Amino acid sequence: MELNLNKFRSQLKSANLAARTVLQAVFGSGKPADRVLSAWLRENRQCGSRDRQFIGEAVYAMLRYWGLLRKFLPAERLAEIERGEIRLARLELDALLFAALYLDYRNLPAADAIARELGFPWPKPDREARNQLLARAGALGKIFGVDAVFADGDLLPQWIATHLPEGLDRERFLADLAARPPMWLRMQTAETDHLVADLSAAGLAVSRHGKIADAVAVTGRVNLFTLDAFRNGLFEVQDLASQCIGLAAAPRSGERWLDACAGAGGKTLQLAALMNRTGTVVATDIRSYKLDDLRTRARRAGFPNIRTREWDGKPYQGKQAARFDGVLVDAPCSCSGVWRRNPDGRWTLKAEELADITRVQFEVLTAAAPAVKPGGVLIYATCSLFPEENGGVLERFLAAHPEYTLEDFPNPLTGEPTGGTLQVFSYDGDCDSMFVARMRRQEALEDAAL
């Protein structure tokens, strides 16, 4: 489609301003890019829906390919940006936006329009190259006059390579980091065929998962939150890997469950649905304001079995202990498993932070575990790739708590046995990467020794 250059110049100016704001906040203070961009868009309501779409596309492309883009910058300029001092002239930032959009290779008309505005020739990558992303980076390097070697490992900071788990297909993982993930929904209605038809009629391309009946992937330029099906609570946005955690928990109707670190409550809602809206799910979080969104979502979908409560993070003891058939600890983590959606996290996480993260994870798991009844289930989960956050924390906990043992559960994506732990990688289902472990508390400690 032919671009209206006058309108596009206005869009590009807005994208430049938004990118400047996001880069400064992300690198200067480690703020999440999605929150910063959302706030910027709220403050700039003159941007229409197409403007907002282009701005988001351009900003996230810049963050997604930052490891390649940074090689186009002089050392002094790069150092400024990565400490949050954005002194780039408008044309310099426009050039980076052009490079990001070209690497993304989706909105080529926009990339071409910026190139023309800047007087750049169109890049000519090696069409025979095995890795076309790197071929495009090399072609950009010639235009920028940069003699650099590009590798797929540039999509991550160098220090992370030594923290990736064994068994990871590095090539597939890095290819996923360079691609946008689909939007996964979890259907909250028995009339799933009708909902799929409604989503399709709204203009979305809908693909149902082969193993998980309630999971559908959708693509298309439709605002999901304006649909009647969303307003009526018939679906929730929840990544496929996240849905695996609730399925590993496998709560039964009538049980009493605790979601100890519920946040906005996506997994709380899934647990309540899996229990057929019976029993009780108590959702807690140390940040009580986080539960406001859950209350709204639960009301929208008409869940009668969800309760919310603030938790101070102290161990469950006395009358508060041993009250739940199951406890889910979706622990705070590095969020390395969701870097496809939140690429800024790749560049703000520091290696030295992992020790503090794992300490908090162990403390939270240890504090929540006494809430499980004898014979009950304890689930430990993270949205992390790093073994020290996953198996490392789990091993420490099991060594300190012999009353808990791992319990096998089927891999929700394949049906195969897991032995009690599962690491979902992005390429397992075009999704996020997450870890989950299922443990059973013995009826009595002496029984465990039999």
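The values are calculated or read from the model by the stated rules, or taken from the named source; none is laboratory data. The structure presented is a predicted model; accordingly, all values stated were derived computationally and were not measured. When we count neighbours, we look across all protein chains shown, and the Cβ atoms used for this are built from the backbone with ideal geometry, even at glycine. Note: accessible area is taken over every heavy atom of the protein model, side chains too, but ligands, DNA and RNA are not part of it. Shrake-Rupley method; radii C 1.70, N 1.55, O 1.52, S 1.80 Å.
Please work out if GLU389 is under 25 Å from SER334 (Cα atoms), at pLDDT 95 or above and in a helix (DSSP H, G or I). No: the conditions fail for GLU389. Suppose the filter is under 25 Å from the mean Cα position of the chain (by Cα) and farther than 30 Å from GLN158 by Cα; does ARG340 pass it? No; evaluated as a whole, the condition is false for this residue. What do you reckon, is ARG77 charged (D, E, K, R), open to solvent by 50 Å² or more (accessible area, probe 1.4 Å) and closer than 21 Å to ASP147 by Cα? Judged against the criteria, ARG77 is a match. Residue count for segment 107-130 under the criterion of being in contact (Cβ under 8 Å) with a residue 12 or more places away in the chain, in a helix (DSSP H, G or I), surrounded by fewer than 17 Cβ atoms within 10 Å (Cβ to Cβ) and in contact with a helix residue (DSSP H, G or I) (Cβ under 8 Å, 6 or more places away or on another chain): the result is 2. Restricting attention to segment 35-47, the residues that are assigned to a helix (DSSP H, G or I) and either of a type in the set (Lys, Arg) or open to solvent by 80 Å² or more (accessible area, probe 1.4 Å) (or both) total 3.
Here is a yes/no grid of residues against (1) among the aliphatic types (A, V, I, L, M); (2) closer than 16 Å to LEU103 by Cα; (3) free of Cβ contacts under 8 Å to residues at least 12 places away in the same chain:
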{"site": "LEU41", "(1), (2), (3)": "yes, no, no"}
{"site": "ASN44", "(1), (2), (3)": "no, no, no"}
{"site": "ASP51", "(1), (2), (3)": "no, no, no"}
{"site": "GLU57", "(1), (2), (3)": "no, yes, no"}
{"site": "GLU76", "(1), (2), (3)": "no, no, yes"}
{"site": "GLU82", "(1), (2), (3)": "no, no, no"}
{"site": "GLU85", "(1), (2), (3)": "no, no, no"}
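Looking at segment 338-346, is at least one residue among the basic types (Lys, Arg) and part of a loop (DSSP other than H, G, I, E, B)? Yes: one or more hits.
Listed here are the residues, each with its yes/no results for (1) surrounded by 15 or more Cβ atoms within 10 Å (Cβ to Cβ); (2) farther than 22 Å from LEU349 by Cα; (3) of a type in the set (Lys, Arg).
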{"position": "GLN11", "(1), (2), (3)": "yes, yes, no"}
{"position": "ALA15", "(1), (2), (3)": "yes, yes, no"}
{"position": "LEU23", "(1), (2), (3)": "yes, no, no"}
{"position": "ALA33", "(1), (2), (3)": "yes, no, no"}
{"position": "SER49", "(1), (2), (3)": "no, yes, no"}
{"position": "PHE54", "(1), (2), (3)": "yes, yes, no"}
{"position": "ARG64", "(1), (2), (3)": "yes, no, yes"}
{"position": "GLY67", "(1), (2), (3)": "yes, no, no"}
{"position": "PHE72", "(1), (2), (3)": "yes, yes, no"}
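For segment 366-384, the set of residues classified as among the aliphatic types (A, V, I, L, M) and either within 9 Å of ASP330 (Cα to Cα) or at pLDDT below 95 (or both) consists of ILE379, ALA381, listed by residue number. The residues listed here are ARG70, ARG77, ARG52; of these, the one that is in a helix (DSSP H, G or I), of a type outside the set (A, V, I, L, M, F, W, C), at pLDDT below 95 and touching a helix residue (DSSP H, G or I) at 6+ places or on another chain (Cβ under 7 Å) is ARG52.
For residues that are part of a strand (DSSP E or B) and more than 17 Å from ALA241 (Cα to Cα), tally how many sit in segment 177-218. Show your work before the answer.
Here is the first cut: in segment 177-218, the residues part of a strand (DSSP E or B) are 183-187, 205-208, 215-218.
After this cut, where a residue has to be more than 17 Å from ALA241 (Cα to Cα) as well, the list is 205-206.
Adding up the residues that qualify gives 2.
Screening HIS163 against (1) in contact (Cβ under 8 Å) with a residue 12 or more places away in the chain; (2) open to solvent by less than 30 Å² (accessible area, probe 1.4 Å) leaves a single unmet condition, (2).
Cβ-Cβ contacts under 8 Å between residues 6 or more apart (or on different chains), taken from a first residue in segment 188-217 that is under 18 Å from ALA273 (Cβ atoms) to a second residue that is open to solvent by 40 Å² or more (accessible area, probe 1.4 Å) and of a type in the set (S, T, N, Q), are listed as LYS211/THR414; VAL216/SER207.
Yes or no: segment 174-187 includes at least one residue that is among the charged types (D, E, K, R), out of contact with any Gly (no Cβ under 7 Å at 6 or more places or on another chain) and within 22 Å of PHE386 (Cα to Cα). Break it down stepwise before answering.
Our first condition is that a residue be among the charged types (D, E, K, R); within segment 174-187, this holds for 176, 180, 186.
Applying the additional criterion that residues be out of contact with any Gly (no Cβ under 7 Å at 6 or more places or on another chain) yields 176, 180, 186.
Imposing the further condition that a residue be within 22 Å of PHE386 (Cα to Cα) reduces the set to 176, 180.
Yes, segment 174-187 contains at least one residue that is among the charged types (D, E, K, R), out of contact with any Gly (no Cβ under 7 Å at 6 or more places or on another chain) and within 22 Å of PHE386 (Cα to Cα).
Looking across segment 370-412, the residues that are within 16 Å of GLY337 (Cα to Cα) and open to solvent by less than 20 Å² (accessible area, probe 1.4 Å) come down to TYR380, ALA381, THR382, SER384, LEU385, PHE386, GLU389, ASN390.
Going residue by residue through segment 131-153, is there one that turns out to be of a type in the set (Lys, Arg), touching a residue at least 40 places away in the same chain (Cβ under 8 Å) and out of contact with any Leu (no Cβ under 8 Å at 6 or more places or on another chain)? No, every residue in segment 131-153 fails to be of a type in the set (Lys, Arg), touching a residue at least 40 places away in the same chain (Cβ under 8 Å) and out of contact with any Leu (no Cβ under 8 Å at 6 or more places or on another chain).
Condition check ((1) touching an Asp or Glu at 6+ places or on another chain (Cβ under 7 Å); (2) outside any loop (DSSP other than H, G, I, E, B); (3) open to solvent by less than 10 Å² (accessible area, probe 1.4 Å)) across all residues:
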{"position": "GLY254", "(1), (2), (3)": "no, no, no"}
{"position": "ALA262", "(1), (2), (3)": "yes, no, no"}
{"position": "ALA273", "(1), (2), (3)": "no, yes, no"}
{"position": "ALA283", "(1), (2), (3)": "yes, yes, yes"}
{"position": "LEU291", "(1), (2), (3)": "yes, yes, yes"}
{"position": "PHE303", "(1), (2), (3)": "no, no, no"}
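Please go through segment 384-416 and give me each residue that is of a type outside the set (Asp, Glu) and under 16 Å from CYS244 (Cβ atoms), ordered by number.
So the first thing to find is which residues in segment 384-416 are of a type outside the set (Asp, Glu), and the list is 384-387, 390-394, 396-402, 404-406, 409-415.
Answer for segment 384-416, where residues must be of a type outside the set (Asp, Glu) and under 16 Å from CYS244 (Cβ atoms): SER384, LEU385, ASN390, PHE409, PRO410, ASN411, PRO412, LEU413, THR414, GLY415.
Based on this model, can you work out whether GLY84 counts as out of contact with any strand residue (DSSP E or B) (no Cβ under 8 Å at 6 or more places or on another chain) and surrounded by 14 or more Cβ atoms within 10 Å (Cβ to Cβ)? Explain how you work it out, then say what you get.
On the way: out of contact with any strand residue (DSSP E or B) (no Cβ under 8 Å at 6 or more places or on another chain): yes; surrounded by 14 or more Cβ atoms within 10 Å (Cβ to Cβ): yes.
Yes, satisfied.
Among the residues of segment 305-317, which ones are open to solvent by less than 60 Å² (accessible area, probe 1.4 Å) and either within 26 Å of GLU236 (Cβ to Cβ) or of a type in the set (Ser, Thr, Tyr) (or both)?
Going through segment 305-317, the residues open to solvent by less than 60 Å² (accessible area, probe 1.4 Å) turn out to be 305-306, 308, 311, 313, 316.
The answer is ASN305, ILE306, THR308, TRP311, TYR316.
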